[in-house]
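Each remark here refers to the structure printed beneath this line.
The values are calculated or read from the model by the stated rules, or taken from the named source; none is laboratory data. Please read all numbers here as calculations on a predicted model, not as lab measurements. When we count neighbours, we look across all protein chains shown, and the Cβ atoms used for this are built from the backbone with ideal geometry, even at glycine. Accessible surface is based on the protein model in full, side chains and every heavy atom, while ligands, DNA and RNA are left aside. Shrake-Rupley method; radii C 1.70, N 1.55, O 1.52, S 1.80 Å.
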Amino acid sequence: LHLSVVIDDQSQTQTIKCTYDPSVAGTEATHTIQADIFIVGDLAFYGMVLGKEGMSGKWCHLCKIAAAQMAMLGPVAGNRWKGIEEVKQYAAAYKTKVDKWKDSKDPKKSKTPPKPQLGVKDEPWWDFIPLDHYIVPLLHCNIGIGDVILSSFRDFVSEKIEYINEEEVAARSVRSRMEEKIGLFREERDAWKKTEDGKRLDSLKTKRRKVRKSLEDVGALKATGRAVRKVVINYVEEANLFLQEEDMKQEQGEVGEVKTQEDGRMDTVGIEGDTSASCATGSAEEDDLKGEIKKMEDVIVKCDEEIKLLEKKYKYFTSRVDKTAKYISGINKEIEEFKSVRKNRGDGLESEMIQVLLLFNITIQAYHGGSLHGKDVQKLMSNAHEIFEAFAEILTANMKEGCEYKKEEIQQVCKNYATLCILWDGAFSYASKINPSTEDIKMYERFVTAAVHEHVKMGLNVTPKVHLMWAHVLEQMKSEGGLGNKREDWGEKQHQESSKRREQFQFTKDRQLRAEAMAGLRQEESHPDVVAHGATVDADSCRGPRKDYTSKEEERKKKRDRVRMSTLESVEVELFVIELIALS
């Protein structure tokens, strides 16, 4: 940043010029400040500015690890980007591939552009900002992880504890049976592929593909497509009928039998041999070329005849797998609809749990799909010990008849979720410290290690936000000032304040007038004299600290710190025992 003083001799005034461009800084006395620029925003924003738009859920923005590999909790050291220049190289390579695809005249080329490598599709917006200056968004990570935990717990209550209607019971029962069946069907399908018929079918398809390729090369054959039609299905009813048919086949001993008009293989004379087609050379006479093409067409016809018979056998196995998978998918959607209706119904366990959350000033945002705001997530995690104790009392008092969980098991599940929240709360607390000490960084490492292992142990997804906390926050805490003053809370606060102002001036129709009024109000509220006067009034009206008095909030904080440490130590002992068992 270049600061220079410009003197106007006529008006005898001095002007300070501020610019990032040294060429226009001026010849006057110039003071240059080297500014460290950091970027903070949500993961979708990072994906956009780093040339990975739409890839934020699939790739980490700070390393080369894909979302599918994050659950392995492997080391990041060998997967870090070398710098912003390497990202630009991947962007340039992808652009070359896309340009080549666009310019290709091949009629068989893919209808979709090639896939980007490591998610990089465009050059980063700002190549002068180091990659490690893209700060892990602690607030958004907190919100994302908190929502995963609460959603998982609500699903547990919905599926295992609460009463459900007969339609949902039937859907769940059918899904359970279908899941058993699809495993058996897949085994039968894979076993058939290893038989002589299965190997023969694979061989014939390969031969036919090579012959068709030879004919396409000389323009004697055009590629064809297949139309797809959509069908509306009542999945539970159709699945029940399908299961009944399968049960009848099993009783009659027809499972695995395929009836064809002609069992056995067709005469394969003329199919075996070289199919590379000398016609592709273009050196033969026209009559010879036509003769070669006719031979190739005969080969395809004979292949098709035998493939048709074998595919009829194979289709018996594949159709059962496909049907079962389709029914399971449809039933899952119906069950999700049942759960959604039940959660929004306003009665039952969900309603009682929401009342508990309201006691701690936590509001589930219905218009956000039942998620929480940042402050609400922080309240949930910091008060998890008390909240999940209250949840346990509600669930044990309202268990459905025939519940597969005992009272003690429900209490343990609630305790596990409380433990997970407490550990994450500790991790976020230490990660948010300004100028963290060496001891703070060590404590963060302890908390995040315990939190992530408990997260995985409970079967929750290791999302990119969990990965960032596990793999990248520790290093960024060691940077100048830590992460405490680089959080994105100020941006979210601006969103909320702007929302209030828009609501305040919602009836001002003139856009310019509305914008000026909102800007004026903001300037007035942030003016130093106004802020100072408000602070003076507050200080004069305050009776000051009371002697030997500890506020309830201070007491709660001390208790929360004690619970955090005891929870951390108990989980660390458990992890140590597991490690010893693994080593032995």
*T508 passes all but one of (1) over 40 Å from the mean Cα position of the chain (by Cα); (2) under 25 Å from K375 (Cα atoms); (3) of a type in the set (S, T, N, Q); which number fails?*
(2)
*For segment 63-79, which residues satisfy the criterion of being assigned to a strand (DSSP E or B) and either closer than 17 Å to V452 by Cα or touching a helix residue (DSSP H, G or I) at 6+ places or on another chain (Cβ under 6 Å) (or both)?*
C63
_Suppose we keep only residues that are polar (S, T, N, Q) and within 19 Å of M399 (Cβ to Cβ) within segment 157-195. Which one would you say is modelled with the lowest pLDDT?_
N165
_Residue satisfying all of: in segment 40-63; in contact (Cβ under 8 Å) with a residue 40 or more places away in the chain and farther than 14 Å from K121 by Cα; farthest from the chain's Cα centre (by Cα) among these_ = V40
_segment 41-51, subset modelled with pLDDT of 90 or more and assigned to a loop (DSSP other than H, G, I, E, B), residue farthest from Y134 (Cα to Cα)_ = G51
*From the list E389, E439, pick out the single residue that is free of Cβ contacts under 8 Å to residues at least 12 places away in the same chain and among the acidic types (D, E).*
E439
*asked:* Just checking: which of the helices (runs of 4 or more DSSP H) contained wholly in segment 449-561 hold 3 or more residues that are in contact (Cβ under 8 Å) with a residue 12 or more places away in the chain and in contact with a strand residue (DSSP E or B) (Cβ under 9 Å, 6 or more places away or on another chain)?
replied: 464-471
*Just need a number here: residues in segment 387-434 that are in contact with a strand residue (DSSP E or B) (Cβ under 9 Å, 6 or more places away or on another chain) and either surrounded by 15 or more Cβ atoms within 10 Å (Cβ to Cβ) or at pLDDT below 90 (or both).*
3
*asked:* Kindly evaluate L118 against the criterion of being open to solvent by less than 50 Å² (accessible area, probe 1.4 Å), at positive phi and either free of Cβ contacts under 8 Å to residues at least 12 places away in the same chain or part of a helix (DSSP H, G or I) (or both).
replied: yes
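Rundown of residues vs (1) open to solvent by 10 Å² or more (accessible area, probe 1.4 Å); (2) closer than 18 Å to A67 by Cα; (3) β-branched (V, I, T), yes/no style:
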site: P464; (1), (2), (3): yes, yes, no
site: L468; (1), (2), (3): no, yes, no
site: K478; (1), (2), (3): yes, no, no
site: D489; (1), (2), (3): yes, no, no
*Is it the case that G370 is at pLDDT below 85 and in contact with a helix residue (DSSP H, G or I) (Cβ under 7 Å, 6 or more places away or on another chain)?*
yes
*asked:* Can you confirm whether Y417 is of a type in the set (S, T, Y) and either farther than 17 Å from S158 by Cβ or under 24 Å from the mean Cα position of the chain (by Cα) (or both)?
replied: yes
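Results for (1) at pLDDT 80 or above; (2) within 19 Å of R208 (Cα to Cα); (3) within 31 Å of the chain's Cα centre (by Cα), shown as yes or no for each residue.
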position	(1), (2), (3)
T275	no, yes, no
C279	no, yes, no
A284	no, no, no
E292	no, yes, no
M296	no, yes, no
E305	yes, yes, no
K312	yes, yes, no
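Each row is one residue, and each column tells you yes or no for (1) in contact with a Gly (Cβ under 6 Å, 6 or more places away or on another chain); (2) of a type in the set (K, R); (3) open to solvent by 60 Å² or more (accessible area, probe 1.4 Å); (4) modelled with pLDDT of 95 or more.
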{"residue": "A450", "(1), (2), (3), (4)": "no, no, no, no"}
{"residue": "R502", "(1), (2), (3), (4)": "no, yes, yes, no"}
{"residue": "Q523", "(1), (2), (3), (4)": "no, no, yes, no"}
{"residue": "H527", "(1), (2), (3), (4)": "no, no, yes, no"}
*Sort out which residues of segment 85-97 are open to solvent by less than 60 Å² (accessible area, probe 1.4 Å) and either modelled with pLDDT under 90 or among the hydroxyl-bearing types (S, T, Y) (or both), and write them in order of number.*
Y90, Y94
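Condition check ((1) touching a Lys or Arg at 6+ places or on another chain (Cβ under 6 Å); (2) not aliphatic (A, V, I, L, M)) across all residues:
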site: P464; (1), (2): no, yes
site: L468; (1), (2): no, no
site: Q476; (1), (2): no, yes
site: G484; (1), (2): yes, yes
site: D489; (1), (2): no, yes
site: Q504; (1), (2): no, yes
site: R511; (1), (2): no, yes
site: E516; (1), (2): no, yes
site: H527; (1), (2): no, yes
*Given the conditions (1) under 29 Å from the mean Cα position of the chain (by Cα); (2) closer than 27 Å to K557 by Cβ; (3) part of a helix (DSSP H, G or I); (4) not small (G, A, S), report the number of the one that Q355 does not fulfil.*
(1)
